[in-house]
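The values are calculated or read from the model by the stated rules, or taken from the named source; none is laboratory data. Predicted model only: the values in this text are computed from it and were never measured. Backbone-built Cβ (ideal geometry, glycine too); neighbour counts: all protein chains shown. Surface areas here come from the heavy atoms of the whole protein model, side chains and all, with no ligands, DNA or RNA. Shrake-Rupley method; radii C 1.70, N 1.55, O 1.52, S 1.80 Å.
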Amino acid sequence: YLKISKLALAFAIIHSKPPGKSSREYTEHLAKTVSEQDFGWKWKVEVLEAEVLRLRQELLLNRICPKFRLENNTSAETLLNRESINPTSYSSQLEDSGCDVSNDSAFDSLGIASDFHQSEHNVKAPSLNLCRTSREQPLTAPVQFLQHLLEIRKLSEKGILQADFSELENDSFTICNSVSQLLDGLTVFYKNPKFPVSNFLTEAVCVLVSLITDAKLSNHVLKKCFKKLEEFKKNLIQIILRNSSVNRFQALHSLSQTLLLLGRNNVLRNSLISLLLSEVRQFAERLLQAHQVQSVHDITEYENIFPLCMILEQLLQNETEESNVSSSDYEGEEKIKFLKNLDQIILHLSEEFPLFSLYLWRVSVLLNSAQMQ
């Protein structure tokens, strides 16, 4: 039946083709027309799915705190003491050529150098109806939804609103989809970043970090979105390693800071340390093998490994400085693999690659010191 149908379609195309066009050209024209129609339907479906998710987000917020919608539309700006962020300084710092990325002040507003809860000011909540670029548009709905969750959390903590966050357990679809959309949107940006970074994207990072570091909300998010967060971290690491643009240091610095911010959560920090230990170890083994056979190694990958080494060192330092830390996940298989034959690797690489060898040694010292505590 399928063969007969294909044959009948072929005859129909041949008999109906306009003069001056070959059967092949006419077939390609028809295929393009059908494809465009399919694309139109797919776009309509995506629009409807986005609207369904928005309605589910609104419904979930209403179930968590029925009074929030009214107050959010009237006086939430005066009720909410939001943390001060300074996206202008962040964007202006990234307007540099990328050669000097040693100044971390740009990320103070994102919580890397100052605590979120120590710099509250009475700042008017930003409008949620800002213009978006095509790349930012998919982030609008999840950022607004998660931002509202954080607002309710703070208002309930101050005793201004009554909220029931157990409702998050009853609607895992909405929270999972919202976080997934946010992570996917940030991944798209980091794959092809444009500088200076817009205020909205800065706000999106702030919302993500606030969400995973919030004492009450982070548990709900980690339960439902842990795999997606793990995928996000893996994507960022691979983007760092594979970035081959000439002036890439701004992007690598931005990626590094985002990973460090994610590492503020203990659960995510342990898994991130495991990922970084694995990547650095595998690179060290490849570099040693290339050195022993005197083959050419990828200089770009060598340059890109240093941001991962610096992230790893910082995370391990944070881990050892916390007195309440118990045995960590990374102290298992990945730690054993990393420390195995490490002295021999450092010995063989130290003469030609002294800086990388120094980083390997410093990481090993931090791993061993954490084990002794």
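The table that follows gives values for the structure above.
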item	result
Exclusive hit being touching a residue at least 60 places away in the same chain (Cβ under 8 Å), part of a helix (DSSP H, G or I), touching a Lys or Arg at 6+ places or on another chain (Cβ under 8 Å) and of a type in the set (Phe, Trp, Tyr), set PHE200, PHE189	PHE200
Single condition LEU60 does not satisfy, out of (1) at pLDDT 85 or above; (2) over 18 Å from LYS154 (Cβ atoms); (3) open to solvent by less than 50 Å² (accessible area, probe 1.4 Å)	(2)
Residue check, GLU49 at pLDDT 85 or above, of a type in the set (D, E, K, R) and open to solvent by 100 Å² or more (accessible area, probe 1.4 Å)	yes
Test result for VAL143, closer than 25 Å to PRO66 by Cβ and not in a loop (DSSP other than H, G, I, E, B)	yes
Filter result for LEU287 (modelled with pLDDT of 90 or more and under 16 Å from LEU366 (Cβ atoms))	no
Boolean, ARG248 is among the charged types (D, E, K, R) and open to solvent by less than 10 Å² (accessible area, probe 1.4 Å)	no
Residue in the range 208-235 that is most open to solvent (accessible area, probe 1.4 Å), counting only those that are in contact (Cβ under 8 Å) with a residue 40 or more places away in the chain and outside any helix (DSSP H, G or I)	LYS216
Any hit, the range 265-276, residues being over 13 Å from the mean Cα position of the chain (by Cα), open to solvent by 40 Å² or more (accessible area, probe 1.4 Å) and of a type outside the set (Ser, Thr, Tyr)	yes
Residue that is on the phi < 0 side of the Ramachandran plot and open to solvent by 30 Å² or more (accessible area, probe 1.4 Å), where the choices are GLN294, GLN238	GLN238
